[in-house]
1. At 7 Å along the Cα-to-beta-carbon direction for both D201 and E343, put a label point, then send me their distance in nm to one decimal.
2. How big is D, in µm² s⁻¹, for the chain by Stokes-Einstein at 25 °C and 0.890 mPa s if Rh is the Kirkwood radius over C-alpha pairs?
3. Would you calculate, for the chain, the mean residue ellipticity at 222 nm contributed by helices, counting each DSSP H stretch of 4 or more residues as -39,500 (n - 2.57) and dividing by all residues, to the nearest 500?
4. Once both labels are modelled 7 Å past Cα along the beta-carbon direction, what's the Q299-A243 spacing in nm?
5. Pop the C-beta distance of S152 and A40 into the FRET formula with R0 = 30 Å and round what comes out to the nearest 0.05.
6. Taking every pair of alpha-carbon atoms in segment 197-248, give the share separated by more than 18 Å as a whole percent.
7. Jot down the radius of gyration and Dmax of segment 66-220, Cα atoms only, both in angstrom.
8. What residues qualify as long-range amide H neighbours of L339, i.e. H under 5 Å apart, gap of 5 or more or another chain, H built at 1.01 Å from N?
Amino acid sequence: MDETDQRVPRNRRGSNATGIRDVARLAGVSTATVSRAFNAPETVSEKIRQQVEQAARTLSYIPHNAARALSSQRSRTLGIVIPTVQNSIFAEQVEWLQRRALSHGYTTLVAHSGFTSSGEAEQVRQLVRNGIDGIMLVGADHLAEVYSLLQSRRIAYVNTSVCDPASPHPSVGFDNGAAMAHTTNYLLSLGHRNIGVISGDIHNSDRARLRLQGVLRAMAEAEVALPNERIAHSDYSMEASRAACRDLLSRAPETTAIMCHNDVQAFAALLELQRLGFVVPRDISVTGFDDLEWARHLQPALTTIRVPWGRMAQIAADMLVAQLDRVEYRHSTMLDFDLVVRESTAPPRPAAQSGI
């Protein structure tokens, strides 16, 4: 038997399977410490946790989730329901939530709602059936049955992409209305008055409602009109957003700037404007929201709102674990946003500004 064989114990039954006692022996700690390292990593030192994890990797030992759940009354699993897997913003949130959850000793289950309240409610029910301990939701506008289910099962939850300190529901996000108002004021400062909007689904998305309200508020404060014909509504697909752009311009050809509720809509608007023969930003300025990774690579590069999506997901994971550990945590966290000015915006041409 070589030195490696002497250091790696075999299971008592003589098989190659290993158990918690083998991990404890190799790590030089008690079985209770190994159990805490897996089930409640926050209760052991970083050095001990690393020793246990290294021993487990050496032995190819994987804790049995069912047994862990029985002993700790937790599955150590967090859920996340996002509107779609096709938008990279939500993919980024999933990635950062998974990373942070793993650092706390939790795994992650992901589901998508298809941008519908009923779809979200069904996904939440499925995740609850799978025994999640906590869940991250997008927005705060959820069916009453969702909140009732989570509260009755004592499942930790946090709303993201919005922040309302007065709400009874934990949240981490940003002021959607203020962000769009900031963009509106920037366009007004450039001299735009005939501003159009491609909005999201204000009936099924509180973020879309808040963003449109922000535009309307800023326009009203500047005493600039925003008639209904310069507001188009669309889902977040490329096809629907291009159609919304066409519709807006057919009803309001005097439009000199188009504000979009996300970068996908803005990209679609840029493509449609190009097809129609417009030059951005010479003829029409375009703004987005999200600052997707490709926004700066477009031609022209997109002016848009940047939000710390990854940081938001990290804080959400921390809030969920704090609830589960029954330790104090901040009930709501407001994050900052930035307007990133790039090439897709410019002052309106004098003829367009005067309405000629």
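Since every read-out is calculated from the coordinates, none of them should be taken as a lab result. Computed from a prediction, not measured in an experiment: that's the story for all the values here. Cβ sites come from the backbone with ideal geometry, for glycine too, and all protein chains shown count toward neighbours.
1. For the pair D201/E343, the computed spacing is 3.5 nm.
2. Working: Rh = 22.8 Å.
Stokes-Einstein gives a translational diffusion coefficient of 108 µm²/s.
3. Working: 14 runs with 160 residues, N = 356.
Dividing the helical sum by the residues of the chain leaves -14000 deg cm²/dmol.
4. Result: 3.0 nm between the two label points.
5. Working: r = 25 Å, r/R0 = 0.83.
Between S152 and A40 the formula returns 0.75.
6. Working: 440 of 1326 pairs.
In whole percent, the share of Cα-Cα pairs in segment 197-248 beyond 18 Å is 33.
7. Taking only Cα atoms of segment 66-220, I get Rg and Dmax of 18.1, 65 Å.
8. The answer is R306.
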